[in-house]
1. May I ask you to give the percent of accessible area on the chain that is carbon plus sulfur, with a probe radius of 1.4 Å?
2. Could you derive backbone 3J(HN,Hα) for segment 175-180 from the dihedral phi with the Karplus parameters 6.51, -1.76 and 1.60 (θ = phi - 60°), listing whole Hz in sequence and x where the residue is Gly or Pro?
3. Over every pair of different alpha-carbon atoms in segment 316-377, take the mean of 1/r and invert it; report that Kirkwood radius in Å.
4. With only alpha-carbon atoms in the gyration tensor, what are the semi-axes of the equivalent ellipsoid for the chain, in Å, largest first?
5. Beyond 14 Å, what percent of the Cα pairs of segment 80-151 remain?
6. Mean shadow of segment 112-212, computed from the convex hull of its alpha carbons, in nm²?
7. Run the count for the chain, please: Lys pairs, Cα-Cα under 26 angstrom, 8 or more apart or on different chains.
8. Work from the charge dipole of the chain (Cβ charges, +1 for Lys and Arg, -1 for Asp and Glu, about the Cα centre) and give the residue of VAL170, PRO531, CYS513 farthest towards its positive end.
Amino acid sequence: MRAAILTLLFVASGCSGNDKQESPGGEIPPPAPACDEAGGSSEVATPLLLRGLGGGWEEAWLGSPAVADLDADGQMEIAVARGNVVKVFRPGGTLAFETSGCEGRIWSSPVVANLDSDKATLELAVACRGAIWAYDSEGVPLPGFPVQGMDELRSLAAGDLDGDGHLELVAVSTSRLEANDQIDILYAFRHDGSAQPGFPPNTSGAAGCDEACYVTGGYDQNLALGDIDGDTDEEIFATQDNAYLSLHDGDGRAFDCASIFAGRTKFQGVRFMLDYTLAQQGWAEDEEAANQAHFTNSAPALADLDGDGMLDLVVLSSVQNAAQSDRERGVALWALRPDATRLSDWISPLHIPPFLSGLWDFEGTNVVGATNQVSVAEIDPEQDGPELVFAGFDGRIHCSSAQGKELWSHEYTTDAHVLTGGVAIADLSANGAPEIVFNTYSTDEGKSALFILDSGGNELHSVPLPGRGAMPVPTIADVDGDEDLDIVISLKDPADGLGEVLLYEVPSSKPNCLLWPTGRGNLRRSGAVYPSLQKR
């Protein structure tokens with residue numbers, strides 16, 4: 001039942017307990033299965049390339065593919081953002097349609113959901129430059145769209161902000177809207193294209209901000225949506241290009257912070273310094289030495305880490321000194337409450353200091369720095385709570401427990417020109433034990449691959465990818481209805497003779513355990529894992 005609920009959430013919308021810090025190539029067995037077994041084995045078959053899709057010239061940015069039955073005909077479609085269009089393919093590889101109207105690149109993943117509560121078909125939404133477009137299941141723009149925000153909108157997610165049964169579209173901008181002595185980067189629109197009341201929240205006054213609401217642009221999928229306070233309406237957790245974070249309810253109100261933060265009233269005014277005492281006073285005596293977060297490219301998540309039945313705020317930041325003279329101090333993983341206090345196991349965030357690359361874009365290449373993205377899934381049933389899997393700036397994939405303890409890490413590169421956009425998590429052998437799936441990308445051709453790790457961090461497969469590889473997180477789904485799982489990869493550049501999108505099949509797999517099967521966890525791109533879907 002649990003796996004079925006997870007699969008439904010994906011379509012419609014743990015790590016090793018052996019305390020090892022580095023996976024040694026398979027000598028230490030992975031943990032017990034975390035999902036229901038489906039008649040499989042412990043062996044994960046090598047992914048087989050079925051076909052390439054598309055033949056255009058467009059590049060991909062960070063948009064993870066979407067797999068869903070858009071038109072309710074019983075057949076899945078594959079929707080992939082390429083340049084300024086979304087191409088929708090049928091499983092056999094033919095092009096069903098491609099979207100029109102967008103006049104700039106589509107940076108983030110396409111959203112697929114019942115935006116207008118029509119349960120028969122699904123809608124498709126994308127953010128391109130400063131506009132949000134929404135389309136029906138045949139690619140026709142919905143009434144009221146496009147809608148405009150500030151350029152560039154690099155985040156898009158869907159959620160029910162006001163509990164009326166309809167989904168809103170939420171976006172974060174790189175540019176700042178300034179009015180009434182406040183700044184906004186957050187936009188929300190209803191399914192008919194009208195602005196959600198209270199948005200933009202700060203400049204409209206709905207947030208209730210004072211002078212200490214420090215907001216600036218967000219640059220890479222900087223959104224998570226979910227019911228944080230238990231009122232059934234969904235809230236908005238947004239990251240941005242500084243050491244501060246935003247948290248709003250569906251009416252635009254900014255969450256208050258705890259009284260321990262000196263001189264601050266709002267969550268948006270709390271400076272996230274790694275030392276909790278310094279964070280409470282808001283400054284450091286020695287800012288050259290003190291460390292603080294920076295959330296420029298942070299793609300946050302929402303999950304119940306402490307078992308209280310409520311969603312906690314989870315975010316991976318880069319780390320710099322407070323003086324901002326040294327930006328290359330690794331990454332830090334944070335777990336927060338809605339009042340900006342830290343979970344008891346996370347008073348000190350999990351800091352991974354080593355730095356190889358990933359903070360900076362590669363100039364002149366259209367190849368961008370790493371997304372600081374955390375994926376959340378129950379992959380080790382012997383650990384309390386879900387596990388958190390992420391890429392550092394050190395060429396490694398890391399796995400943390402829900403208590404902030406690093407369980408393992410796996411080195412996938414020592415090359416400063418090779419990065420990954422993040423990981424997907426699903427069972428690829430139908431034995432109930434999830435695997436970690438990711439692809440890499442590079443400024444150089446011939447260095448990228450599709451990787452599969454077991455849930456203990458041991459490498460199972462590395463399949464070379466053409467050209468400069470793939471920047472988006474891969475998507476895992478049963479594309480063609482044969483019950484074997486497929487891995488959909490949107491290449492950075494079209495490959496001669498293969499096309500723009502690669503479709504791999506994993507023989508003997510089944511869709512029994514899709515825990516985090518696409519970028520941002522689901523097709524609403526919400527980054528939320530609800531407690532009812534977590535096995536304890």
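The values are calculated or read from the model by the stated rules, or taken from the named source; none is laboratory data. The structure presented is a predicted model; accordingly, all values stated were derived computationally and were not measured. Please note: Cβ atoms are built from the backbone with ideal geometry, for glycine as well, and neighbour counts cover all protein chains shown. The accessibility values were calculated without ligands, DNA or RNA, using every heavy atom of the protein model including side chains. Shrake-Rupley method; radii C 1.70, N 1.55, O 1.52, S 1.80 Å.
1. Values: 8330 of 17250 Å².
Roughly 48 percent of what the probe reaches on the chain is carbon or sulfur.
2. Result, ordered by residue: 9, 9, 8, 10, 6, 6 Hz.
3. On the way: mean 1/r = 0.0747 Å⁻¹.
It works out to 13.4 Å.
4. Numbers: eigenvalues 200, 153, 96 Å².
After scaling each eigenvalue by five and taking roots: 32, 28, 22 Å.
5. Details: 1466 of 2556 pairs.
Summing the P(r) of segment 80-151 above 14 Å gives 57 percent of all pairs.
6. Details: hull surface 25.6 nm².
For the Cα atoms of segment 112-212, the hull's average projected area reads 6.4 nm².
7. Values: LYS20/LYS405; LYS20/LYS535; LYS87/LYS119; LYS87/LYS492; LYS119/LYS510; LYS405/LYS535; LYS447/LYS492; LYS510/LYS535.
Taking the Cα cut-off of 26 Å, the pair count is 8.
8. Value computed over the given set: VAL170.
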